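Colleague: Just dropping this structure here.
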Amino acid sequence: MYSHSVTLEPDKCIGCTDCIKRCPTEAIRVRGSKAKIIQDRCIDCGNCIRICRNGAKRAVTDEINMIYKYKYRIALPAPSFYAQFPKAKNIEQILSALYNIGFTDVLEVGCAGEVIEKHTYEYVKNATLFPVISSSCPAIVRLIQRRFPSLIHHVLPIISPMELAARYIKDKYIKDGILENEIGVFFISPCPAKATEIHRPKGLERSLVDGVLSMQDIYKMMVHKMNAENKMPVKRQSSYRGLSWAMSNGGLDENTIKSYIAVDGMESVIGILEKVEDGTLSNIKYIEALACTGGCLGGALALENPFVSRYTLKNWIDEDKSNDPIDNRELLEAIGEIPYLFSKDITPRPVFSLDNDMEKALEMMEDIEMLYKELPKIDCGSCGAPTCRCFAEDVVKQDATIEECVFMLRKKIKDLSEVMHNLTEPPIQVDNDKYGKE
Amino acid sequence: MKLHYEVDGDSFLVAGEASASLKRTLKQLGIDSSIIRKTSISMYEAEMNMVIHAHGGVIDVEISTDKVNIILKDIGPGIPDIDLAMREGYSTATHEIRELGFGAGMGLPNMKKNSDNLKVYSEVGVGTTVEITVFLT
């Protein structure tokens, strides 16, 4: 059974505890000097991959050679992919290199983004529950399921640009008479969350994307083939509007959706979602929430520094704006015909609850509060849990013993040594009066 | 189970922390998310009122299997006319407070909308007690 795309290589892990505090769902513990990921809680955001200094946290994506299982191999490059090549002459050069590394066709995900943009404006115009929260970042959808399940109905029930692009291109090939099992569609991804998304999609029965390739994995091949001759004429499909999906503002235009907040970076997103839960942002119409700082440009599988990437992409966007507009009207119309709404609801997965039985949960809660009072509350991480509160919960749930806290251990040693010291005193004082001296 | 919070009336930076803390606790207890939402909205409004008008106070929460009971006590100026205060849009917030975006006059009405039982006791010059009950079933 497919589990997660964020995994741990135990051989490389030294138990340094750098990762445990960066996890937004408190899904990592260090036990026996090795990190362990609690599968239910992991949302594949890649924060731990970014911080791990030993390379022990890895993303599991598909191998490039798997594309050869298919006769027709279509690349779906995310717009953040272009920014990894600041020295490229133009985007056409990047797209043609994709042909050179083995793909038979390329569809820029940016153009699906442009269509999703229009569908989103329509949806927000008719929505009744505000703010509407973007759903194209799979890590955010998973975060909401686990940590903010009360906000599930706020999530925009529209598929991601990656999925829409896959649907459109497969539909087109099938209409041209090609068999579905001969068509392989591959997303070139800045992050591990997209890899998990195609195996366990939210809001749909199954994803039409056949594989997710990490931008890091194909980078070297791309660089080698960048200047090679390409026999295929490459036509741009996405206008500058599609390219801006890679940035922290997201793909929507602030002037069309007035009262719009764009937030990037896990901690900042969590802060904003807490406010939505408290009801203090109900006057905001749309929130673009992206798990990575810098938007997709800051994804865990990106090579370039996200601030440099932003500069690169912005230049290309400005260039596109000043050149003749790319004529993709016909293409956008065709993509616009494809169904784009979620076909099923997102299920809440609250992983923070102690027990299904409320009475038992209350009892455990009281035990946790009592234990927490004894702990130093400094969240040092030596016990392997991210906070003292988490540790108290682990102990009550019997996933950890109290002695794993260095401070509690020392206190116990002190108590034990006092007992031992008392044992060295003579047990009963000799009462000379009672026994009389000779 | 009982929980106790002290609300610092002079710090806007940490205002809302008690409601945030209770929200985390309720999530751990596995309470239905729509009920948590009601509880956190009404408690947040009450906590903010304590900071805006009364220089802080104390909050005592009692959680049982059938309900959450929140009692907020302050020794602030008190509310002269409670019915008037319950009216939407009515606010006694100062100019500075309104500049910060608060004081829209929706606090008490929001509390009433988001709780199953709301009791407000107040005496001018003595203080105010707000009791919010949200049923879990």
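Rule-based calculations on the coordinates, nothing more; no lab input. Keep in mind the model is a prediction, meaning the values are calculated, not measured. Here the Cβ positions follow ideal geometry from the backbone for every residue, glycine too, while neighbour counts run over all protein chains shown.
Colleague: With an 8 Å Cα cut-off and a minimum separation of 6 or more residues, compute the relative contact order for chain A in percent.
Modeller: 20 percent
Colleague: For the range A:317-438, what relative contact order do you get, as a whole percent, if you take Cα pairs closer than 8 Å and at least 6 residues apart?
Modeller: On the way: 48 pairs, mean separation 14.9, N = 122.
Contact order relative to length: 12 percent.
Colleague: Okay, moving on. Among A:175/A:344; A:275/B:119; A:373/B:73; A:71/A:172; A:275/A:377, which pairs are too far apart, with a Cα-Cα distance over 18 Å?
Modeller: Values: A:175/A:344 26 Å; A:275/B:119 26 Å; A:373/B:73 24 Å; A:71/A:172 16 Å; A:275/A:377 26 Å.
Over 18 Å apart, Cα to Cα: A:175/A:344; A:275/B:119; A:373/B:73; A:275/A:377.
Colleague: Going highest first, how would you order A:275-283, A:114-122 by mean Cβ packing within 10 Å? Present the calculation step by step, with values, prior to reporting the outcome.
Modeller: Numbers: A:275-283: 17.1, A:114-122: 19.7.
Order by mean packing, descending: A:114-122, A:275-283.
Colleague: In peptide A:412-424, how many Cβ atoms from other protein chains are near each Cβ within 10 Å, on average? Don't jump to the answer; show the numbers that get you there.
Modeller: Details: counts 0, 0, 0, 0, 0, 0, 0, 0, 0, 0, 0, 0, 0.
Mean number of neighbouring Cβ atoms from other chains: 0.
Colleague: Now a separate question. For the range A:358-422, build the charge dipole from Cβ charges (+1 Lys, Arg; -1 Asp, Glu) around the Cα centre, then report which of A:419, A:385, A:361 sits farthest towards its positive end.
Modeller: The one lying farthest along the dipole's positive direction is A:419.
Colleague: Please average, across the residues of B:38-44, the number of beta carbons from any other chain that are within 10 Å of each residue's own beta carbon, and give a whole number.
Modeller: Numbers: counts 2, 0, 5, 5, 1, 1, 5.
Averaged over the peptide's residues, the number is 3.
Colleague: Taking every residue in B:21-30, how many Cβ atoms of other protein chains lie within 10 Å of its Cβ, on average? Show your work: numbers first, answer last.
Modeller: Working: counts 0, 0, 4, 3, 3, 2, 9, 11, 10, 10.
For peptide B:21-30, the averaged partner shielding equals 5.
Colleague: Of A:7, A:49, A:17, whose Cα points farthest to the positive end of the dipole of the range A:6-59 (charges on the beta-carbon: +1 Lys, Arg; -1 Asp, Glu; origin at the Cα centre)?
Modeller: A:17
Colleague: Something else: Output needed for the protein assembly as shown: three equivalent-ellipsoid semi-axes, defined as square roots of 5 times the C-alpha gyration tensor eigenvalues, in descending order, whole Å. Present the calculation step by step, with values, prior to reporting the outcome.
Modeller: On the way: eigenvalues 522, 242, 76 Å².
Here the semi-axes work out to 51, 35, 19 Å.
Colleague: Still on this structure, I have one more. For the pairs A:36/A:360; A:397/B:113; A:87/A:170, flag any whose C-alpha to C-alpha distance is greater than 29 Å.
Modeller: In this structure, A:397/B:113; A:87/A:170 lie more than 29 Å apart at Cα.
Colleague: Same structure, new question: Highest GNM mean-square fluctuation, chain A, Cα pairs closer than 10 Å: which of A:154, A:224, A:421?
Modeller: Of A:154, A:224, A:421, the Gaussian network model singles out A:421 as fluctuating most.
Colleague: Same structure again: Quick one: which of A:321-327, B:49-55 comes out on top by average Cβ neighbours within 10 Å, and what's the full order, highest first? Provide the component values of the computation, followed by the final result.
Modeller: On the way: A:321-327: 10.6, B:49-55: 21.4.
Ranking the peptides A:321-327, B:49-55 by packing returns B:49-55, A:321-327.
Colleague: Here is a follow-up. In percent, what relative contact order does chain B have, based on Cα pairs under 8 Å that are 6 or more apart in sequence? Could you put the intermediate results ahead of the total?
Modeller: Details: 265 pairs, mean separation 38.1, N = 137.
Once normalised by length, the contact order is 28 percent.
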